[in-house]
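Please read the structure below before turning to the comments.
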Amino acid sequence: MNPWLVAAALAAFSTFLIHTFVGGRLIARPLLAARDLPRVPRLTAYYCWHMVSLLLFGLAVALAWAARYANPALVVASGALAAAFAVLSLGLIAAHRVKPWHMPQWALFLVIAVLSGMGLT
């Protein structure tokens, strides 16, 4: 059992829980209730919210699997996705001049990416 990948899987699962329960209450619920947004864009954003939920859960499962059954390609793919999401988040923060702690996703994804990378060594 690879302890770095166990930690990465736990980080991904923790991020899934934060996204689902904290973010759902603070972001998804108000988004869905925003009647000043047209229905289709609002529902599309809500759909994307659930896509991220599934992706985070999938990352946790993939990393847990790779921790038990060595699979470097799966680790690289999972870590690369997490790193790409961290970069995307930081790019949005910079482009829209938002405080980094107002969109903390970058830090959560960075932890997953770094732990995944550590699991390859």
**OP:** Give me 89, 53 ranked fewest to most by other Cβ atoms within 10 Å of their Cβ, as a rough exposure proxy.
**Re:** 53, 89
Subject >> C-alpha long axis of helix 105-120 to longest principal axis of the chain, angle in ° >> reply: 10
Subject >> Size of charge dipole - the chain - debye, nearest 20, with Cβ of Lys, Arg +1 and Asp, Glu -1, no other charges >> reply: 380
Original post:
Say the dipole of the stretch 3-120 comes from +1 at the beta carbon of Lys and Arg and -1 at that of Asp and Glu; which of 34, 11, 59 then lies farthest toward its positive end?
Top reply: 34
Original post:
Helix 72-96 sits at what angle to the longest principal axis of the chain, using alpha carbons and giving 0 to 90 degrees rounded to 10?
Top reply: 30
Subject >> Rg(Cα) / (2.2 N^0.38 Å) computed for the chain, rounded to two decimals >> reply: 1.14
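Bear in mind these aren't lab numbers, they're just calculated from the coordinates by the rules spelled out. What you see is a predicted model; the values in this text were computed from it and never measured. Here Cβ is always computed from backbone atoms with ideal geometry, including for glycine, and neighbour counts include all displayed protein chains.
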